[in-house]
Amino acid sequence: MIGEIRHNLTVSKKSQLVLVLIGIVLMTAFTITYRNQLLKMGEWGYFGIFFSCLIANSTVFLPAPSSAIVFSFANVYLPFWVALVGTFGAVVGEHIGYLAGVAGRKSIEKNEQEEKIIYYVEKYGMIAVFVFAFLPLPLFDLVGIAAGAMKMSYPLFLIPCLLGKFLKMLIYAYAGASLLPLLSPLFENFLEGV
């Protein structure tokens, strides 16, 4: 009886892992295929920015343009709200990595970089999640996987992820709102000369 229960739990765990991996592959393929269309979604207003950032951050191990989306559209819409909406989309998308980690540690082979990230997440917990969410590096997928694999509680992952991403998106939004109007004439002059 106990052996049968263990077998059913193992089958259930394997099924979850397979479903998460299929989801990751599909989201990655979608993002690769429709990368330019994601940038165009920002034309749908704040909903488009949210959805674009969600999809861009749903891919595991593929740098996606969520920061570029926020940077670009902060010149069109209010920078604070672009940053906030982009943050919510990015954080929702980052849960793919977290769920991959929860589904099973063996889903992705560990390399030296992942071992270091696991070390930082184990040692510093919420602070590591915050710092990696804030830094403009494409490593946050590994942080989400490590946090999920370590069974870090959801609020301990969500809160620093949200704060770190929001501060980063604020910087991108206000930089975009400030720099794009200054750079626009330079690009126009360059294009006229070509």
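Read-outs: derived from the displayed coordinates by stated rules, not from any lab. Please read all numbers here as calculations on a predicted model, not as lab measurements. Every residue, glycine among them, receives a Cβ derived from its backbone with ideal geometry; neighbour counts consider all protein chains shown.
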In region 81-150, the GluC sites (Glu not before Pro) that fall in loop regions by DSSP, at most 11 other Cβ within 10 Å: GLU109
Relative packing of peptides 161-171, 138-148 - highest average C-beta neighbours within 10 Å first: 138-148, 161-171
Rg [Å, one decimal], Dmax [Å, integer] - region 100-178, C-alpha atoms: 13.2, 45
